[in-house]
Amino acid sequence: MHVSLAEALEVRGGPLQEEEIWAVLNQSAESLQELFRKVSVADPAALGFIISPWSLLLLPSGSVSFTDENISNQDLRAFTAPEVLQNQSLTSLSDVEKIHIYSLGMTLYWGADHEVPQSQPIKLGDHLNSILLGMCEDVIYARVSVRTVLDACSAHIRNSNCAPSFSYVKQLVKLVLGNLSGTDQLSRNSEQKPDRSQAIRDRLRGKGLPTVFSKLCILQKENVYGFILYLDAHNCM
């Protein structure tokens, strides 16, 4: 059984803590690296997801996976890379990697901001904030790679007293599975809430988030199925 990041934070009613962000970042990057390692033999649709709080799945084992199921009712524009929204040509598997890196960075920023009062700043350490900003660069070629993210996570683990990354993910899963009676309302609560993406964008600008967010409001909604077709059409697989 798995739970989404959105479910875990709905149950908690608050944001990810910094060590949890590092942990989800590390486990997600490892999952992406493994996925791209196998891409030559994988179904092209395997890369057609958009990482978001609803598609990032936390597993009881402490690992992370991604899905494109049951998220068609979510507005994914805030998590979709600018080059996809702007229908730019994708020429390599590296470009596809950077698309997912962008979405992962935005997803973790969303987690850091979840239910934080507007009067309270988002508290992230400089190292973590720098990595997330590098993941969310507007220009695809300036965006960091999966390898860079993994190296940063390894450096953090070496230089801190944090527990293994998988243990934080396990705790987030237990948070939900221990509150199953409250999860029935999660999807309904998510649908009823107004779009928070603009508020998140405004707050993150205080940390230097790229200005791509100001463009997202006027772009048409792109869903995960359109993204799959886009990748196939440009022969990125």
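Each value in this text was obtained by applying a stated rule to the coordinates, not by laboratory testing. It should be emphasised that the depicted structure is a prediction, and the values quoted were computed from it without experimental measurement. Every residue, glycine among them, receives a Cβ derived from its backbone with ideal geometry; neighbour counts consider all protein chains shown.
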Please give the FRET efficiency for Ser119 paired with Lys174, using the beta carbon to beta carbon distance and R0 = 25 Å, rounded to the nearest 0.05.
0.20
So the FRET efficiency between Ser89 and His2, C-beta based with R0 = 30 Å and rounded to 0.05, is 0.30
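Note down the net charge around Lys98, summing +1 for each Lys or Arg and -1 for each Asp or Glu among other residues with Cβ under 15 Å from its Cβ.
Around Lys98, the charge tally is -3.
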Simple spin-label estimate for Ala155 and Arg37 in nanometres, 7 Å along Cα-Cβ:
2.3 nm
For the stretch 58-129, take every pair of Cα atoms, bin their distances at 10 Å starting from 0, and report each bin as a whole percent.
14, 37, 37, 11, 0
When only Cα pairs under 8 Å and 6 or more residues apart are kept, what is the percent relative contact order across the stretch 1-101?
30 percent
Figure the gain on full extension for Val139 and Cys162 (residue separation times 0.36 nm, minus the Cα-Cα span) and round it to one decimal in nm.
5.0 nm
